[in-house]
Structure formats: structure tokens, C-alpha cells
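The values are calculated or read from the model by the stated rules, or taken from the named source; none is laboratory data. Note that the structure is a prediction, hence the values are computed from the model and not measured. The protein model used for the area step is the full one, side chains on, heavy atoms only, and it has no ligands, DNA or RNA in it. Shrake-Rupley method; radii C 1.70, N 1.55, O 1.52, S 1.80 Å.
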Amino acid sequence: MRISISINGALREADVWPGESLLFALRERLGLPGSKNACEQGECGSCSVMLDGRLVCACLVLAAQADGHEVVTVEGLAPGDELHPVQEAFVQAGAVQCGFCTPGLVVATVDLLGRVSNPGEDEIREALSGNLCRCTGYAKIFDAVRIAAMRQGE
Ligand code: FES
Ligand code: FES
């Protein structure tokens, strides 16, 4: 089936199998590999994207369900080669090791800071609880969120 999705502000079309995930379509058909595929079961958050302004796991959404809707992926957070302030904060905090979890965490953090300008510790932990990281132990990730929140408030 043919689907049409607004992705990062541009209308994109793709031929998809009715049962395939939005994550598969993004990565394998639309040239957007930033959203990572780690579990394909909604457990790790590495595939996090915004669908009509709501944070979702792209592996749990059918590509067909996104037909006619708006998707923002990690590639669309900042224009061109620029980094989004949240991405800059992750770099500054040293919150990236293997980097596999990072796109999902960045998208989840952008979502959090769009809803809560100065989140407390519990709000940060709750917001990122669906994003698993095997490398960092999370301390530097939480530092990155605090840095991004601080900069956003300046
Ligand atoms: S790949 Fe989607 S939640 Fe893990
Ligand atoms: S940096 Fe490796 S999984 Fe998070």
C-alpha cells in the first residue's frame, strides 16, 4: 500500500507492507536511520519519534497508521547540520557512549522540555523511564537533561 506522511516538515511517500512498522519504513524505505532498532518490542525507547506531537515508539506503530499524519524524527529536530540544544547538552555532559540509545533519549528529552520547562529529578526519571541505556549508568544523561533545561530557561 502507498502511504503519505509529513516527516520532519516534508511530505514523503512510500510503498509499505500493511504489517510493517513505522520504524522499518523510516529506516529502510525513507532513508532516516537515526531512529534505532534495538528491541522492536516497545521496551527500549531507542526508536522514539514524535507522531502528531506525541512521543511514541516507532516500532509499535504501523507505518499504515502514520498515513496522513505528522512525524518528527531525531533527524528533524534541528535544521541542516546544526545540533539541537538538547543534542549539544548530551555532548557537553558526555552522555553518549556507544550512542545507540542517544537518538531516542534526545527525542524523549525534547518532548519533556516541551511540556515541562524546568523538570525536577522525579519528572526527568519518569520521562526517560522508557529509554534504556546499557552504557552510561544514566547519571550523565540526567546531567544532560538538566543542562538543556537550564539553557532553555536562559
Ligand atoms: S526498538 Fe522500539 S522500543 Fe525498542
Ligand atoms: S550509550 Fe550505549 S546504550 Fe546508551
Query raised in the report: Using bins 5 angstrom wide from zero, how does P(r) for the chain break down, in % of all Cα pairs?
Result: 2, 10, 20, 23, 19, 13, 8, 4, 1, 0
Requested in this report: Name the most mobile residue of Asp15, Asp67, Asp143, meaning the one with the largest mean-square fluctuation, in a Gaussian network model of the chain with Cα contacts below 10 Å.
Outcome: Asp15
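Can you give the Kirkwood hydrodynamic radius of the stretch 63-106 from its Cα pairs, in Å with one decimal?
Roughly 12.0 Å, rounded to one decimal.
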Query raised in the report: At 222 nm, what helix-only mean residue ellipticity would the chain give, in deg cm²/dmol to the nearest 500, using -39500 (n - 2.57) for each DSSP H run of four or more?
Result: -9000 deg cm²/dmol
**Report entry** the stretch 24-90 - percent relative contact order, Cα under 8 Å, separation 6 or more
**Finding:** 26
Query raised in the report: Counting only protein heavy atoms, what percent of the accessible surface of the stretch 1-136 is carbon or sulfur at a 1.4 Å probe?
Result: 48
Query raised in the report: Using alpha-carbon positions, what is the distance between the centroids of the stretch 4-26 and the stretch 42-62, in Å?
Result: 13
Query raised in the report: Rg to Rh ratio, the stretch 85-134, alpha-carbon atoms and Kirkwood radius?
Result: 0.94
Query raised in the report: Got a sec to turn the phi values of the stretch 54-62 into Karplus ³J(HN,Hα) couplings, 6.51 cos²θ - 1.76 cosθ + 1.60 with θ = phi - 60°, whole Hz, x for Gly and Pro?
Result: 10, 6, 9, 8, 5, 6, 9, 10, 6
Report task. At 1.4 Å probe size, with every protein chain present, just tell me what the per residue accessible area of the chain comes to in Å². Result -> 52
Query - Per-selection Rg to Rh, the stretch 108-154 - Cα, Kirkwood hydrodynamic radius - result: 0.94
